[in-house]
2 protein chains.
Amino acid sequence: MTESAPVPNEKAVPNGNPPPPFYLPFPDRPELITENLLKLVELTPDPRHKFLARTLITHLHQFVNETSLTTEEWMTAIQFLTRVGQTCTPLRQEFVLLSDTLGVSALVDAINNPPISGGTESSVLGPFFTEDAPDVENGESIASEGKGEYMYVEGRVLSTDGTPVSGATVETWETDALGYYDTQYEHRDKPDCRGRLRTDKDGKYGYRAVVPVAYPIPGDGPVGAMVVKLGRHNMRPNHLHMMIEAPGFNKLTTALYPEGDQWLSSDAVFGVKKSLVVSLRDVYDDAESRKRGFPKGGSFKLLQHDIILVPEADSKAARAQYARERAEKAGLKLPE
Amino acid sequence: MTESAPVPNEKAVPNGNPPPPFYLPFPDRPELITENLLKLVELTPDPRHKFLARTLITHLHQFVNETSLTTEEWMTAIQFLTRVGQTCTPLRQEFVLLSDTLGVSALVDAINNPPISGGTESSVLGPFFTEDAPDVENGESIASEGKGEYMYVEGRVLSTDGTPVSGATVETWETDALGYYDTQYEHRDKPDCRGRLRTDKDGKYGYRAVVPVAYPIPGDGPVGAMVVKLGRHNMRPNHLHMMIEAPGFNKLTTALYPEGDQWLSSDAVFGVKKSLVVSLRDVYDDAESRKRGFPKGGSFKLLQHDIILVPEADSKAARAQYARERAEKAGLKLPE
């Protein structure tokens, strides 16, 4: 036998799981690859993971089978997904953007937030939320001066029974007048056009902002290139993001969409619901503008909107009921 | 109106596509999100892209619907895919590994390389192929001394009609005795255990190598963690990769799997086909060992295997026929 030269490393360490305790034929035919995999899925310890893996593998393999995906197309997909992952940074989430443009984010949002009579509807989170929004007091501004046309946003946060919710956290973010979020700035030394405030004892909130504008989702990455290949525009109608949280209520991620935008019904990420389309009122009153704190006075737009939160218990029950109904409709049995 | 402060950038530039030339309702219900998307898919200029997008979106949305995927699970998936992308380097392809462990690579391989009577069957490429394999002459070694037990690999490359194929490129790569590819070394100053050679005028090839060993696919990344969650082992049976190319023939990506390995039928990436399982012969002949160029002589293993290439025209016809049969079976019509 050959003597080996000294080696620098230990042998690679297996994950410790044994060969499966059942027979698997050599996967000599395509069908056997899928069958073997689905047998192996039965080894998954967690029942929910098992269900997700089985459903995912079934659809993945059906996709490959139904399209007779070529080796070149497979390689293109691998390279595309790799680029999507490598385009992500702490301030840019290209996989969320991919999910958004393929309607997956909107669908997940829709099935997890079934409409509840009276409750404000949800909308997609989008890829521009950040954790570093500054705390602002009611009446203060979330945008630095010069970021766009003045807009004042105000309303109340209420429970579905009409009770005001005091101390609710209202997190909000939007584009500047050029259609950019601060995370897209070449130099971002601090957050802008975003803020976090709390409702007062009467459930009221109010803050200065700028009128958001319609904007293209990022076109310089792999997802932007995909949208072009699909022949679709990449515009989102102008909107103001809001995320509202209060103890005992379902956390609401939503957005308000000022009416009249030409991209409203073909939003590139499928976020608009009819009930979220709002009116902006023009206020031509210099004194009122200055009273509300707009440094240069003049006119401003007023967005008044009450947010209705759904108690957590109601929301949970509705979600479970919705999942059951949808599973029944699809002829599936959801694991309990 | 408010005067804007000077701004550093131009307005974000849309991709130039107009709103769709048809009516889209606000996607107030989950079904409408899918329906709107499938309407938009009709805008895709390239018919193959359109078909792929339609099939992909259908299965993606079915997956979300059938599982009632939660927002937390969606976020976990986004973070997982992001980590997979960010684990990729020029020498590590974690998305290929993901595709491998989910049987997608094997399935794509199987449907694109239907068995053709007499032709050597294909196997998965795997994530360890590199472009920088050194050229070696017939009889030379692809492994540096001390990398493992001596093995000599030899055979002929033939056409399905038995004609020797001279000048065929044989690219080959394998693990060392510890189960590592060179790309996994902490310091990789040059390629090792890989090489590229050409068949001689009689279609013969032969080279020195080491006996490959079974090894775990990388367990330190997100895919390794996923395999653990699925309760599966992460072992590949020992094998020697080969990729053979010659003008006029279908490029063959395959691997040879020495018999007797305990992981053969449950290969973590579903690469083994019965016809690719081979015998290694023990040669206890010091003189022969030295004659073949093994520096320390002694015994060596001999792997003799002829590779049968399929003419490109036959392969193309078989692939098209196979795709038609599979589409018919699935009740689908493939675009011409």
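Would you say A:Thr34 is buried (at least 21 other Cβ atoms within 10 Å of the Cβ) and either more than 7 Å from chain B (Cβ to nearest Cβ) or within 30 Å of B:Ser123 (Cα to Cα) (or both)?
Values: buried (at least 21 other Cβ atoms within 10 Å of the Cβ): yes; either more than 7 Å from chain B (Cβ to nearest Cβ) or within 30 Å of B:Ser123 (Cα to Cα) (or both): yes.
Judged against the criteria, A:Thr34 is a match.
Does any residue of region A:79-93 turn out to be in contact with a helix residue (DSSP H, G or I) (Cβ under 7 Å, 6 or more places away or on another chain), surrounded by 20 or more Cβ atoms within 10 Å (Cβ to Cβ) and of a type in the set (Phe, Trp, Tyr)?
No, there is no match, as no residue in region A:79-93 is in contact with a helix residue (DSSP H, G or I) (Cβ under 7 Å, 6 or more places away or on another chain), surrounded by 20 or more Cβ atoms within 10 Å (Cβ to Cβ) and of a type in the set (Phe, Trp, Tyr).
Can you tell me which of A:Ile111, A:Ile78 is facing another protein chain (nearest Cβ under 7 Å), closer than 23 Å to B:Val96 by Cα, in contact with a Phe, Trp or Tyr (Cβ under 8 Å, 6 or more places away or on another chain) and not in a loop (DSSP other than H, G, I, E, B)?
Details: A:Ile111 fails: closer than 23 Å to B:Val96 by Cα.
The match here is A:Ile78.
Out of everything in region B:59-78 that is at pLDDT 95 or above and under 20 Å from A:Val64 (Cα atoms), what residue ends up being surrounded by the fewest Cβ atoms within 10 Å (Cβ to Cβ)?
For region B:59-78, the residue satisfying everything is B:Gln62.
With the checklist (1) in contact (Cβ under 8 Å) with a residue 60 or more places away in the chain; (2) under 15 Å from the mean Cα position of the chain (by Cα) in hand, flag the one item B:Phe80 doesn't pass.
With respect to (1) in contact (Cβ under 8 Å) with a residue 60 or more places away in the chain; (2) under 15 Å from the mean Cα position of the chain (by Cα), B:Phe80 is out only on (2).
For region A:297-334, enumerate the residues that are within 11 Å of another protein chain (Cβ to nearest Cβ) and of a type in the set (D, E, K, R).
Of everything in region A:297-334, those that are within 11 Å of another protein chain (Cβ to nearest Cβ) and of a type in the set (D, E, K, R) turn out to be A:Lys301, A:Arg319, A:Arg324, A:Glu325, A:Arg326, A:Lys329, A:Lys333.
Would you confirm whether or not region A:236-243 contains a residue that is more than 10 Å from chain B (Cβ to nearest Cβ), surrounded by 19 or more Cβ atoms within 10 Å (Cβ to Cβ) and at pLDDT below 95?
No: region A:236-243 contains no residue that is more than 10 Å from chain B (Cβ to nearest Cβ), surrounded by 19 or more Cβ atoms within 10 Å (Cβ to Cβ) and at pLDDT below 95.
Considering each of A:Val136, A:Val153, A:Val157, A:Val104 in turn, give the residue that is under 12 Å from the mean Cα position of the chain (by Cα) and of a type outside the set (D, E, K, R).
Only one candidate passes the filter, namely A:Val104.
Say we look at region B:13-24 and pick out the residues that are facing chain A (nearest Cβ under 7 Å) and more than 39 Å from the chain's Cα centre (by Cα); which of these is surrounded by the most Cβ atoms within 10 Å (Cβ to Cβ)?
Narrowing region B:13-24 to residues facing chain A (nearest Cβ under 7 Å): B:13-15, B:17-20, B:24.
Among the residues that remain, those that are also more than 39 Å from the chain's Cα centre (by Cα) are: B:18-19, B:24.
Numbers: B:Pro18: 10, B:Pro19: 14, B:Leu24: 18.
If we take residues in region B:13-24 being facing chain A (nearest Cβ under 7 Å) and more than 39 Å from the chain's Cα centre (by Cα), then B:Leu24 is surrounded by the most Cβ atoms within 10 Å (Cβ to Cβ).
Pick out the one residue from B:Ser117, B:Ser99, B:Ser105, B:Ser123 that is more than 7 Å from every other protein chain (Cβ to nearest Cβ), of a type outside the set (A, V, I, L, M, F, W, C) and not in a loop (DSSP other than H, G, I, E, B). Break it down into steps so the answer makes sense when it comes.
Values: B:Ser117 fails: not in a loop (DSSP other than H, G, I, E, B); B:Ser99 fails: more than 7 Å from every other protein chain (Cβ to nearest Cβ); B:Ser123 fails: not in a loop (DSSP other than H, G, I, E, B).
Answer to the check: B:Ser105.
Taking region A:128-149, which residues are open to solvent by less than 50 Å² (accessible area, probe 1.4 Å), without any contact (Cβ under 8 Å) to a residue 60 or more places away in the chain and on the phi < 0 side of the Ramachandran plot?
A:Ser144
The values are calculated or read from the model by the stated rules, or taken from the named source; none is laboratory data. Worth saying up front: this structure is predicted, and the values here are computed from it rather than measured. Don't worry about glycine lacking a Cβ; one is built from the backbone with ideal geometry, like all the others, and counts go over all protein chains shown. Keep in mind that these areas ignore ligands, DNA and RNA; they rest on the heavy atoms of the full protein, side chains included. Shrake-Rupley method; radii C 1.70, N 1.55, O 1.52, S 1.80 Å.
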